[in-house]
Amino acid sequence: MNLRLRLIAAVIAWPLACGALRAQATPKPPAPVTPDEAGPQVDTGGVIIKKKKEGEDAPPPAAPEREKIKNPNGETYSLRVDVPIVSLDVNVILDKTHQFIPGLRPANFLVLEDGVEQQVQSVRMTQKPITAVMLLEFASTSWSYIRDMQNASVGFYRSLRPDDYVAVITYDLRTHILADFTNNKETIAQSLQSLRIPGFSDTDMFDALYETLDRTSRIEGRKYILLIGSGRDTFSKLTLDKMLKKIESTPNVTIFSIGTGGFANEMADARGRAGVGMMNNLQAQNQLQTFARMTGGLYFNPLFQGALPDIFNQINDSIRNEYVLTYRPTNAKNDGSYRKVQVLLVDNEGKPLKMQDEKQKPLKYSVIARDGYTAKRPVE
């Protein structure tokens with residue numbers, strides 16, 4: 001009985017023992033961990049690829065092709081840079097008679113710029129009306145100076161033509177405009193007749209000429225200044241150097257100067273009363289001559305009134321008859337520098353041109369032209 005009970009108990013306990021062994025062999029799943037215990041969370045999952053919208057896979061459109069434009073008539077495009085053209089007013093006159101010499105050809109002109117020969121492109125002879133300013137010294141220095149000025153100014157205005165325009169300006173301590181540009185001879189005559197009694201003895205010639213050059217620079221074309229005076233300067237604010245620089249930088253202006261008091265100066269010199277005054281007169285005359293030479297004009301210092309008609313004939317000949325030369329300078333830089341210009345006459349072989357009269361005697365002549373010009377600046 002006891003054996004039997006033991007067998008039954010063993011049979012019942014065997015399955016229970018096997019289940020316990022299987023329970024011990026199978027590991028338990030780990031308990032869930034809270035965020036605080038595990039530290040920062042890291043996403044170790046796969047890369048999430050968003051779904052593309054329709055059309056996103058297509059490549060970007062290509063840039064539209066530019067329209068090809070052909071040059072007219074199939075010509076090749078080229079860029080052309082023009083070099084400024086220099087224009088020179090040249091007068092050629094005989095030294096003895098001051099007559100204008102016509103009939104010269106382009107091959108007869110040799111132009112040197114800063115010593116370098118230039119290729120003359122065109123030469124033409126012109127005769128045209130004038131635009132001029134009569135700049136007159138009217139100061140109480142000496143009655144002989146005033147008388148010479150009045151005689152010279154009247155002689156000039158009488159030689160004018162109907163299509164000439166002239167202004168009248170006087171100067172002493174300052175400038176006075178008596179008549180603006182006009183072609184009415186009566187207006188010019190009235191302005192000259194109004195000169196009665198001078199107010200000052202000062203002659204500020206540099207200031208007056210500087211101001212006149214400023215006024216004429218606003219007028220297009222070629223202008224002329226007829227400077228009639230003693231050439232003396234007393235209290236000008238400007239110096240001679242500044243005056244010369246102003247003349248150099250002012251284009252298209254020609255100065256003709258007529259000295260006054262020539263006879264009085266000669267008489268004072270003959271009497272031995274000149275002294276320092278004679279030196280001042282020579283300096284004044286040299287200034288007038290320099291102004292004319294720099295601009296291609298003429299200088300006169302008449303002793304008697306009878307010389308005035310011939311003087312104005314020469315001035316008219318020089319003003320109305322002239323050669324106009326044009327060339328492209330080899331120095332094309334726009335640096336604002338002053339270029340020295342020299343004009344010579346040559347024959348077919350390049351030698352100095354010789355002139356003869358009907359009796360085969362040599363004739364001396366002068367070539368009158370501006371001695372230089374100021375090149376343009378980069379900003380012009």
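Every read-out reported here was derived from the displayed coordinates using simple, explicitly stated rules and does not represent laboratory data. Note that the coordinates shown come from a computational prediction; the quantities given were computed from them, not determined experimentally. Don't worry about glycine lacking a Cβ; one is built from the backbone with ideal geometry, like all the others, and counts go over all protein chains shown.
Mind listing the long-range amide H neighbours of VAL341? Cut-off is under 5 Å, sequence gap 5 or more, other chains count too, H placed in the peptide plane at 1.01 Å from N.
Placed amide hydrogens put ASP114, GLY372, TYR373 under 5 Å from VAL341.
Applying the Karplus parametrisation 6.51 cos²θ - 1.76 cosθ + 1.60 with θ = phi - 60° to the phi angles of the stretch 298-306, what ³J(HN,Hα) value in whole Hz is obtained for each residue in order, glycine and proline being reported as x?
Working through the residues one at a time gives 10, 10, 10, 9, x, 8, 10, 5, x Hz.
Note down the net charge around PRO362, summing +1 for each Lys or Arg and -1 for each Asp or Glu among other residues with Cβ under 13 Å from its Cβ.
Within the 13 Å Cβ shell, the charges total +2.
Report, to two decimal places, the Cα Rg of the stretch 86-374 normalised by 2.2 N^0.38 Å (N = number of residues).
Relative to the 2.2 N^0.38 Å estimate, the stretch 86-374 comes out at 1.04.
As an exercise, identify the trypsin sites (Lys or Arg not before Pro) in the stretch 137-189 lying in DSSP coil whose Cβ has no more than 14 other Cβ atoms within 10 Å.
ARG174
Counting only other residues whose beta carbon sits under 13 Å from that of ASP180, what net charge do I get with K and R as +1, D and E as -1?
+2
Can you flag which of LYS128/LYS376; LYS128/LYS246; LYS340/LYS376; LYS223/LYS246; LYS128/LYS351 are past 20 Å Cα-Cα?
In this structure, LYS128/LYS376; LYS128/LYS246; LYS128/LYS351 lie more than 20 Å apart at Cα.
If amide hydrogens are placed 1.01 Å from N in the peptide plane, which non-local residues have theirs closer than 5 Å to the one on LEU353?
LEU345, VAL346, ASP347
For every other residue with a beta carbon closer than 14 angstrom to the beta carbon of PRO162, add +1 if it is Lys or Arg and -1 if Asp or Glu, then tell me the sum.
Once all neighbours under 14 Å are counted, the net charge is +2.
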